[in-house]
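Data first, discussion second: the structure below is written as structure tokens.
What follows is calculated from the coordinates using simple rules that are stated; it is not laboratory data. Please read all numbers here as calculations on a predicted model, not as lab measurements. Backbone-built Cβ (ideal geometry, glycine too); neighbour counts: all protein chains shown.
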Amino acid sequence: MGIWLLRRVGQVIPTLLILSILIFGLQQLMPGDPAVILAGEERGDPAVLAQIRAELGLDRPIWQQYLLWMGKVLTGDFGFSWRIRVPVSELILTKLPVTFQLASMAFIIAILIGVPLGILSAVRKDTPSDWAANGAALFGVSTPNFWLGIMMILLFSVELGWLPPSGYVPLFEDPVQSLSTTIMPAFVLGTGVASVLMRHTRAAMLTALSQDYVRTARAKGLKERVVIWKHALRNALIPVVTLGAIEFGRLLAGAVLTEQIFTIPGFGKLIVDAVFNRDYPVVQGVVMATALIFVTLSLLTDLLYMAINPRLRNA
Amino acid sequence: MSASTAPTALPAAESPTRRAIKRFLRHRLAVFGLVVVVLFVAVAILAPLIAPYDPLQTSWSRIRKPPSFDHWMGTDENGRDVLSRVIWGARASMMAGVISVLGALAIGVPLGLLAGLAGGWVDAVISRVADAMLSVPFLILAIALAAFLGPALENAMIAIAVTASPVFVRLSRGMALDAKATDWIEAARALGNPPWRTAFVHVLPNIVPPLLVQASLAIAEAIIAEAALSFLGLGMQPPNPSWGSMLNSSQRFLTQAPWLSIFPGVTIMIVVLAFNLMGDGLRDALDPRADKT
């Protein structure tokens, strides 16, 4: 177990290292000279440009620049925002809880919709309920979630006036207001994941229901309800749970557009605003941080998989 | 190797391709998807002929008019005909979807084959880079790449192509590894075929079916990604129409002109749904495990 964990972490390090090179390399694609962008009004003054270049290390060879940047990243320093002169790490840490709240709510919604629908359509395979659930899932993956967001604002804010169309109130400031500002974006984010969870739950349940132990349970005369919930579902949920953890990471990406539409000041809005402001250190920092979260999540997934699947524990 | 060794008594067997086509055609929803896709490709190609108005022509007297007989989808904030813009937008979206996936194939497949067949450090480097790219969610990587390249439809397509390629690297690497273990690749190599010939003549044709399935699903994703990038202002630039950029500008008029948001979005949904249906159907038709039925 310990050795396995070490080896697994060992695989992650080169991945992140290569990613850091790719992210750093992005900067080379950038049109224009960063010093000129930063200098603003003073861009005509060569002394100012030289000073900026020296300060940011832009006058050094590219590999030195990379090592300098990487050395800082390792200590959690992603540089500072060109636009607002605040450390990127600080920006990320203040925005992350907002997106985390949104993603958690979306995840709960996705599980509440996706898993029961998956069970239902597996148990009633090839009936109208199964077709309806499959159809809903197909629509769920085919609808761009930013458009779904606009449509929900149109219905619930513009037409019905039930929910605020935009804005965000922190959870600990006013929980009720906070929920009313995040429920729509969370639903929008959750539907895509709900569709994926539904399909996987259905497939896993169908596999479980065809197993010998289910036949045995039925042959013993157990009630169908007990067979489904105690015997089939417990085994079917193993792959679903692990998939869920990966999907949670995907919610972070989905949040980019959702936060944009509902003007929620989270992680996703941070990267979009940074893109518009040509605030490249923030873009790099956010991408690197996302990768870290993603890699950590898939590591946790593997651990979770081992925890709920005893057969793998001694492997 | 020579034809004379083939048994002649057997009746001409149905080719696997024909069998796959038959299976696909039995799949009603998949055929529906294919029909819709063909329809939209036709719309994209014939846009100049079928669009009732010039998609760029503004009109002061027709600003934000709701759908009517003259303008089936209404007019936008500059008095332009929404239907014509949706039709021309099909060009941007279909082109972005197809070209960026072709790009992803062109990058991903050769690298994947190389990694799988060469093995060793070549495989290690290619696989690690693919892993690294897959460790960032697709859209975030595409946004970052498009941001650094600068806002333009071509750059959005490059960004989507590059970010979608690791999936194809993984797929073709896996298939190449499987193929490497088979007797016919062994035979091809024993006959003295150079490695590139083995890769392209003997391995590639055998991995076309799974690539085809993956590609049609990837086009669906690429169309959403292009719409998302254009929505963020990183794709098609105004005043040129694309579904994503139409949705972007529609947001400001949600209360006064909801039709501006409804039609481009419904169109994206229909096209993506069609590609997904087609991809699912292709998977069922090309999956050799389904041969038994």
Inset, instruction - Quote the FRET efficiency, to the nearest 0.05, computed for A:V226 versus A:L179 with a Förster distance R0 of 51 Å and r equal to the Cβ-Cβ distance. - result: 0.90
Inset, instruction - Can you put B:T17, A:T181 in order of Cβ neighbours within 10 angstrom, beginning with the fewest? - result: B:T17, A:T181
Legend entry - Furthest towards positive pole of dipole, B:H27, A:L222, A:G40, structure part the protein assembly as shown, Cβ charges: A:L222
Legend entry - Packing-based exposure ordering (other Cβ within 10 Å, fewest first) of B:M95, A:M205, A:M306, B:M133: B:M95, A:M306, B:M133, A:M205
Inset, instruction - Neighbouring Cβ atoms within 10 Å as the yardstick, rank A:S157, B:S242 fewest first. - result: A:S157, B:S242
Legend entry - Point-charge dipole on Cβ atoms (K/R +1, D/E -1) for the protein assembly as shown, about Cα centre, debye to 20: 2100
Legend entry - Loop sites in region B:36-100: chymotrypsin sites (Phe, Trp or Tyr not before Pro), DSSP, at most 13 other Cβ within 10 Å: B:F69
Inset, instruction - Considering the options B:T182, B:P238, B:L254, tell which one lies farthest towards the positive end of the dipole of region B:162-268, charges being +1 on Lys and Arg and -1 on Asp and Glu at the Cβ, about the Cα centre. - result: B:P238
Inset, instruction - Report P(r) for chain A: all Cα-Cα distances, bin width 10 Å, range 0 to the bin holding the largest distance, values in whole percent. - result: 5, 20, 25, 23, 16, 7, 3, 1, 0
Legend entry - lysines with Cα under 29 Å of A:K125, excluding same-chain neighbours fewer than 8 positions away: A:K220, A:K223, A:K230, B:K22, B:K292
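Net charge around B:M95, counting only other residues with Cβ within less than 14 Å of its Cβ (Lys, Arg = +1; Asp, Glu = -1)?
Its environment carries a net charge of -1.
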Legend entry - Listed residues A:V286, A:V98, A:V275, most fluctuating in chain A (Gaussian network, C-alpha, under 10 Å): A:V275
Inset, instruction - For region B:20-291, state what percent of all Cα-Cα pairs lands in each successive 5 Å bin, counting from 0 Å until the bin that includes the largest distance. - result: 1, 6, 11, 14, 15, 14, 12, 9, 7, 5, 3, 2, 1, 0, 0, 0
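Please give the net charge around B:A257, taking every other residue with its beta carbon less than 10 angstrom from that of B:A257, where Lys and Arg add +1 and Asp and Glu add -1.
Numbers: positive: B:R64, B:K65, B:R252; negative: B:D76, B:E77.
Overall, the nearby charge balance is +1.
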Legend entry - Cross-link reach list, aspartates and glutamates versus A:K72, counting only Cα pairs under 16 Å and skipping chain neighbours closer than eight places: A:E55, A:E90
Legend entry - region B:20-291, dipole about Cα centre (Lys/Arg Cβ +1, Asp/Glu Cβ -1), debye to the nearest 20: 220
Legend entry - Whether the protein assembly as shown is rounded, prolate or oblate, judged on the alpha carbon gyration tensor where a/c under 1.5 counts as rounded: rounded
